[in-house]
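**Student:** Next up is a structure, given as structure tokens.
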2 protein chains.
Amino acid sequence: MRRCASDAQKLEQLRRLIREIEYLKYTLNSTLYWDKMTYMPEKGLTYRSEVMSFLGAQLYERFRSPELRSLVDHFSRQKDAPPQVSAMVRRVESNYIYINKIPQAEYQAYIALIAKAEQVWEQAREANDFQRFAPYLERIVDTFRAFAGYWGYEAEPYDALMSFYEPGTTVQQMDRLADELKHFVIDLFQTLQARGMPCGEPAEGRFRLPLEEQRALSQYVLETIGFDFASGRLDEGPHPTTLAASPGDVRVITSYQAEDFRSGLFNTLHEGGMGLYEQDIDPALLGMLLGEVASFATELAEARLYENIIGRSAGFWEYLFPRMQQLCPSLAVDERETLFQSVNQVRPTLIRNNADELTYILHILIRYEVEKDLIRGTLSVAELPQVWRQKYTDYLGITPRNDREGVLQDIQWAAGYMGYFPGYLTSNLMAAQFAAALERELGPLRHLLAAGRFREIHQWLATRIHRFGAIYPPGELVKRATGEPLRSTYFINYLREKYTEVYQLKKQ
Amino acid sequence: MRRCASDAQKLEQLRRLIREIEYLKYTLNSTLYWDKMTYMPEKGLTYRSEVMSFLGAQLYERFRSPELRSLVDHFSRQKDAPPQVSAMVRRVESNYIYINKIPQAEYQAYIALIAKAEQVWEQAREANDFQRFAPYLERIVDTFRAFAGYWGYEAEPYDALMSFYEPGTTVQQMDRLADELKHFVIDLFQTLQARGMPCGEPAEGRFRLPLEEQRALSQYVLETIGFDFASGRLDEGPHPTTLAASPGDVRVITSYQAEDFRSGLFNTLHEGGMGLYEQDIDPALLGMLLGEVASFATELAEARLYENIIGRSAGFWEYLFPRMQQLCPSLAVDERETLFQSVNQVRPTLIRNNADELTYILHILIRYEVEKDLIRGTLSVAELPQVWRQKYTDYLGITPRNDREGVLQDIQWAAGYMGYFPGYLTSNLMAAQFAAALERELGPLRHLLAAGRFREIHQWLATRIHRFGAIYPPGELVKRATGEPLRSTYFINYLREKYTEVYQLKKQ
């Protein structure tokens, strides 16, 4: 019977398996995780963790099932399959290759290593003692070099690691983009440092705003950019994030600071950009592993677009400021220009999470460089802290006094993220390239924003990018949406124009 | 290998299977359902329904697994198994007997019937047309008579249906309790009708309270009775309910009415009683199908205890009223006695959901009588509306003008609940019997409550009832907690004393 199953029957079987995988995946990664991040009472944690690891194991088993493998093999041999079927097969393959190509014992050893490494990293950071974490990082680097071997690559192992997050990314491509950016950003940064902010330092307490007013502002801003509250929610949690159980159920989690409303506002814009993407995905793509964002960086691009290119622009503040004055009676800032400059202030910091829009790029470049060299084997874990200090001194002009504010600050390596940092870079390039393509069609963003034409902006993104979900690999999606492959030009132009305006560079 | 597995190994296997069943069951019935009832955006419904029916099917499959059956068979043959093992086996058996003894085709036909019947019931109620629903109700009755045959019973089929909800309940026992109650309640009701409320009808709008004050009141009341907010939450939803993902994660959902705060307050007390029960269950019982309440009626008993026996008592209002006056500045009622009387007013109504504490019993007795006769075959579906009207006229002195306010008012039969209504009765008996046992040890509830000794009351319930979870069948739990089997005496005494006080019967 099975042997004679028609392609239509086989496709139905494949879709049934994928639907079940999605049910588990979305339940685990959205509803259960969302609840844990927002409303779960503290003593619910132990049992919730058990439930989540049970569902994780269920998911893993399904990705490994021989039935799934044989169906995917069947369709991946078909050269003339319809585009959606090929896309679906590509998605399943890329999802399960990463698990199935690793021998089970090694995968389990990795899970155990990571569980321990996160703990040790936390202690090491606390104790400001890199040596304690070093042996774990060495094993993590070795593990990922081995994984890269299982997954396969052409030029070098780091390609395989980057491709896990951004299919098709290579060191060759990334080096070119990084080089184009690096000197420009460092030069611009040094110019701005020398120039100084025209409005100077804002007074202490100037950005304080009661939480109730901040909540109203975030709600208003989400509605303004086009977030659909019939298909989504806005909640609070310690870690801002956006989680989608389906395009009809998208949850934005934001986080406010009473003493500075800018933090919560930009969290909301950042997450809201992702929220729009998730809501716009064509629901017909559900059940094929295609009803998801194209990649981590593609989603982050929408976040950076709304947070920075829109949210930190003069046009946006022209629109928002008078409305914000009405909505937030306690607002102490009474000049739009002051606010606009304050959200675009460039100031070097040792901690990536506190970085401004411009120097953030330098933080990511440093991580990309050392990570790539660790995986290549041209940099040893023992040398890492020294190289880190040197790069911060060279690029940002400041030197970490210790490892806590240096190499130990990020959890990513301890948590098994290798090849992940470059996505923070490409997302910014994508965002600027999307914005430039949009401007070619709709006119300058500045005017669109000042006139409150958020609906048109959203519509353009929905039509050109969002609705396709994961049908196209990220590189192809960028090409289709903007007419060219990913380039650094648009981001560089954007930064130049932005800071020329903010720092009034032409007036010098 | 498997054949030589020791009992310890077999027990470990059994517990592994049960743990997985619990993960699915609790995720489905608590977290996913809770989210659906509280925070899910409306367009999330379609996908959520798919996820929930997928997990339901997963659960069903696991209950049917041959591995589970063979392990349960093994342990159920052991006469000298430790008490927890026997309890666990009893729980698995009672859970899966109800599914496994029904031929699969018949079970599927039943699922389809119910799905349709709920729809038809809703239309029939809307159209006020019992004839439209009658053929479905006939098939439902036939189905449950067949199910009772598969499940097995000694005296009559209805015993099997009641036992599904309250293990071990029989018509013989229920008839005795019902008889003892019926004439007492009808007589008392007629006396009160003739007597009239001493304080008369409260003025319109007297119980209006802003939602913010109602929320603060509910929060305060939950804290007061001992609900632990580190292990639970209070939320709002259209249908008040309590859902536990584990004893450390118990979610109370309440519902407020702006025009009458009493509704929300009693919802919260009702659900809060259940919430205490869920939080007090010994977490060591998780993974054995024992970390749950003993039965539907046992849990409802705690709800009725806190809602009625405590919440509508003079002692409770003595404690709460001055605090409520402080907490709720908009409170318009300024006399405690008025409030106490208003929450104990007896007034006949055709709709069960609007009934007062006393006449509620008559609504349930009517449903018990007709349901039992339908299953026995001594009452036909065609005769049902006429019999219903007659009973309302006889017991409550009011006659439904139509089926919408008569036999079509409840969804239970359409939803496949047969043998469920008697639990609403026994829960009240249990609550009164628990309260009487507690008073024998701690002194009169009235004094405990007036003095705010909520902690002692809660402690008694936790120690005598809650912590045992589902180890004991409900009948045994009642006997252990109170020293005797379930009786109607305590409830009758309670009602007599309550209404003598409220209606000042002695002063007549």
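**Student:** Please list, ordered by first then second residue, the pairs with beta carbon atoms under 7 Å, 6 or more apart or interchain, first in the range A:172-191 and at positive phi, second in a helix (DSSP H, G or I).
**Tutor:** From residues that are at positive phi, there are no pairs.
**Student:** Taking interchain pairs and intrachain pairs at least six residues apart, which have beta carbon atoms under 8 angstrom, with the first residue in the range A:474-502 and part of a loop (DSSP other than H, G, I, E, B) and the second hydroxyl-bearing (Ser, Thr, Tyr) and buried (at least 17 other Cβ atoms within 10 Å of the Cβ)?
**Tutor:** Hits for this filter: A:Leu486/A:Thr426.
**Student:** What number of residues in the range B:211-233 are among the aliphatic types (A, V, I, L, M), within 18 Å of B:Glu302 (Cα to Cα) and away from every other protein chain (no Cβ under 14 Å)?
**Tutor:** 2
**Student:** Can you name the residue in the range B:187-201 that is under 30 Å from B:Gln326 (Cβ atoms) and surrounded by fewer than 17 Cβ atoms within 10 Å (Cβ to Cβ) and, of all such residues, is modelled with the highest pLDDT? It would help to see each step written out before you state the result.
**Tutor:** Of the residues in the range B:187-201, the ones under 30 Å from B:Gln326 (Cβ atoms) are B:197-201.
Narrowing the set further to residues that are surrounded by fewer than 17 Cβ atoms within 10 Å (Cβ to Cβ) leaves B:198-201.
Details: B:Pro198: 80, B:Cys199: 76, B:Gly200: 74, B:Glu201: 73.
Once the filter is applied, the top-ranked residue is B:Pro198.
**Student:** A follow-up question, please. Go through (1) over 25 Å from A:Arg496 (Cβ atoms); (2) buried (at least 18 other Cβ atoms within 10 Å of the Cβ); (3) outside the structural domain of A:Ala414 (by the TED database) and name the single condition A:Tyr319 misses.
**Tutor:** So the condition that A:Tyr319 fails would be (1).
**Student:** Among the residues that make up the range A:405-421, is at least one of them part of a helix (DSSP H, G or I), touching a Phe, Trp or Tyr at 6+ places or on another chain (Cβ under 9 Å), at pLDDT 95 or above and at negative phi?
**Tutor:** For the range A:405-421, residues part of a helix (DSSP H, G or I), touching a Phe, Trp or Tyr at 6+ places or on another chain (Cβ under 9 Å), at pLDDT 95 or above and at negative phi: absent.
**Student:** Select from the range B:340-369 the residues that are β-branched (Val, Ile, Thr) and surrounded by fewer than 18 Cβ atoms within 10 Å (Cβ to Cβ) and list them in ascending order.
**Tutor:** B:Thr349, B:Ile351
**Student:** While we're on this one: Please tell me if A:Ser246 is touching a strand residue (DSSP E or B) at 6+ places or on another chain (Cβ under 7 Å), within 12 Å of another protein chain (Cβ to nearest Cβ) and crowded, with 19+ Cβ neighbours inside 10 Å.
**Tutor:** Values: touching a strand residue (DSSP E or B) at 6+ places or on another chain (Cβ under 7 Å): no; within 12 Å of another protein chain (Cβ to nearest Cβ): yes; crowded, with 19+ Cβ neighbours inside 10 Å: yes.
Against the criterion (touching a strand residue (DSSP E or B) at 6+ places or on another chain (Cβ under 7 Å), within 12 Å of another protein chain (Cβ to nearest Cβ) and crowded, with 19+ Cβ neighbours inside 10 Å), A:Ser246 does not qualify.
**Student:** Out of A:Glu61, A:Glu118, A:Glu122, I need the residue that is under 22 Å from A:Tyr23 (Cα atoms) and of a type in the set (Asp, Glu). Which one?
**Tutor:** Details: A:Glu118 fails: under 22 Å from A:Tyr23 (Cα atoms); A:Glu122 fails: under 22 Å from A:Tyr23 (Cα atoms).
Residue meeting the stated conditions: A:Glu61.
**Student:** I would also like to ask the following. Which condition does A:Lys507 not pass, out of (1) buried (at least 21 other Cβ atoms within 10 Å of the Cβ); (2) modelled with pLDDT under 95, if it passes all the others?
**Tutor:** A:Lys507 satisfies all of (1) buried (at least 21 other Cβ atoms within 10 Å of the Cβ); (2) modelled with pLDDT under 95 except (1).
**Student:** Given the condition aromatic (Phe, Trp, Tyr), in contact with a Ser or Thr (Cβ under 8 Å, 6 or more places away or on another chain) and either under 28 Å from B:Gly272 (Cβ atoms) or assigned by the TED database to the domain that holds B:Ile471 (or both), answer yes or no: does some residue in the range B:221-232 qualify?
**Tutor:** Checked the range B:221-232: no residue is aromatic (Phe, Trp, Tyr), in contact with a Ser or Thr (Cβ under 8 Å, 6 or more places away or on another chain) and either under 28 Å from B:Gly272 (Cβ atoms) or assigned by the TED database to the domain that holds B:Ile471 (or both).
**Student:** Within the range A:258-274, can one find any residue that is in contact with a strand residue (DSSP E or B) (Cβ under 6 Å, 6 or more places away or on another chain), under 17 Å from A:Gly311 (Cα atoms) and within 14 Å of chain B (Cβ to nearest Cβ)?
**Tutor:** No - not one qualifying residue is present in the range A:258-274.
**Student:** Now for a different question. Of the numbered conditions (1) within 30 Å of A:Phe468 (Cα to Cα); (2) assigned to a helix (DSSP H, G or I), A:Gln341 satisfies every one except a single condition; which is it?
**Tutor:** Failed condition: (1).
**Student:** Are any residues in the range B:153-162 within 17 Å of B:Leu374 (Cα to Cα) and not aromatic (Phe, Trp, Tyr), and if so, which ones?
**Tutor:** B:Ala155, B:Glu156, B:Pro157, B:Asp159, B:Ala160, B:Leu161, B:Met162
**Student:** Still on this structure: Listed residues A:Ile364, A:Ile281, A:Ile310; which is β-branched (Val, Ile, Thr), touching a Gly at 6+ places or on another chain (Cβ under 6 Å) and at pLDDT 95 or above?
**Tutor:** A:Ile281
**Student:** Can you find even one residue in the range A:218-225 that is assigned to a strand (DSSP E or B) and closer than 24 Å to A:Tyr26 by Cβ?
**Tutor:** no
**Student:** Shifting gears a bit: Please determine whether any residue of the range A:332-339 is among the basic types (Lys, Arg), within 25 Å of A:His447 (Cα to Cα), surrounded by fewer than 19 Cβ atoms within 10 Å (Cβ to Cβ) and not assigned by the TED database to the domain that holds A:Leu161.
**Tutor:** Taking every residue of the range A:332-339 in turn, none turns out to be among the basic types (Lys, Arg), within 25 Å of A:His447 (Cα to Cα), surrounded by fewer than 19 Cβ atoms within 10 Å (Cβ to Cβ) and not assigned by the TED database to the domain that holds A:Leu161.
**Student:** Out of the residues in the range B:8-61 meeting the condition of being of a type in the set (Lys, Arg) and within 11 Å of chain A (Cβ to nearest Cβ), tell me which one is surrounded by the fewest Cβ atoms within 10 Å (Cβ to Cβ).
**Tutor:** The qualifying residue surrounded by the fewest Cβ atoms within 10 Å (Cβ to Cβ) is B:Arg16.
**Student:** So in the range A:141-186, with the set limited to residues that are among the aliphatic types (A, V, I, L, M) and closer than 18 Å to A:Ser427 by Cα, which one is surrounded by the most Cβ atoms within 10 Å (Cβ to Cβ)?
**Tutor:** Of everything passing the filter in the range A:141-186, A:Met162 is surrounded by the most Cβ atoms within 10 Å (Cβ to Cβ).
**Student:** Taking the criterion of being assigned by the TED database to the domain that holds B:Arg376, outside any helix (DSSP H, G or I) and closer than 21 Å to B:Tyr96 by Cα, would at least one residue in the range B:144-153 satisfy it?
**Tutor:** To start, the set of residues in the range B:144-153 that are assigned by the TED database to the domain that holds B:Arg376 comprises B:144-153.
Subsequent filtering for residues that are outside any helix (DSSP H, G or I) retains B:152-153.
If we keep only those that are closer than 21 Å to B:Tyr96 by Cα as well, we get B:152-153.
Yes, that holds for at least one residue.
The values are calculated or read from the model by the stated rules, or taken from the named source; none is laboratory data. Small disclaimer: the values here were computed from a predicted structure and weren't measured. Every residue, glycine among them, receives a Cβ derived from its backbone with ideal geometry; neighbour counts consider all protein chains shown.
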